[in-house]
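Take a look at the structure below.
The values are calculated or read from the model by the stated rules, or taken from the named source; none is laboratory data. Predicted model only: the values in this text are computed from it and were never measured. With ideal geometry, Cβ positions are generated from the backbone for all residues, glycine too; neighbour counts draw on all protein chains shown.
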């Protein structure tokens, strides 16, 4: 899972499940994950399904890069 590589504090078996299926716009994807004993994690990725790159993962996905380059529909979904 690309998020586990990006967020090393999510070891295998940490109870991560998908809260909402990915929303896609162009090469960008946005989804919300449930993490056991934590707040939901919002994840922005980009790239093809075979080569996803995590742009940001956390409780606030609205980083400078996301605000500047993500498609408007995903910015709206993430409340950026």
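Descriptive notes on the structure:
- Selection from region 55-80 of residues that are over 12 Å from residue 22 (Cβ atoms), touching a strand residue (DSSP E or B) at 6+ places or on another chain (Cβ under 7 Å) and part of a helix (DSSP H, G or I): 65, 66, 73
- Residue ID - nearest to residue 73 (Cα to Cα), chosen from residues in region 1-39 that are in a loop (DSSP other than H, G, I, E, B) and modelled with pLDDT of 90 or more: 26
- Any hit, region 40-54, residues being at negative phi, in a strand (DSSP E or B), loosely packed, with under 15 Cβ neighbours inside 10 Å and modelled with pLDDT of 90 or more: yes
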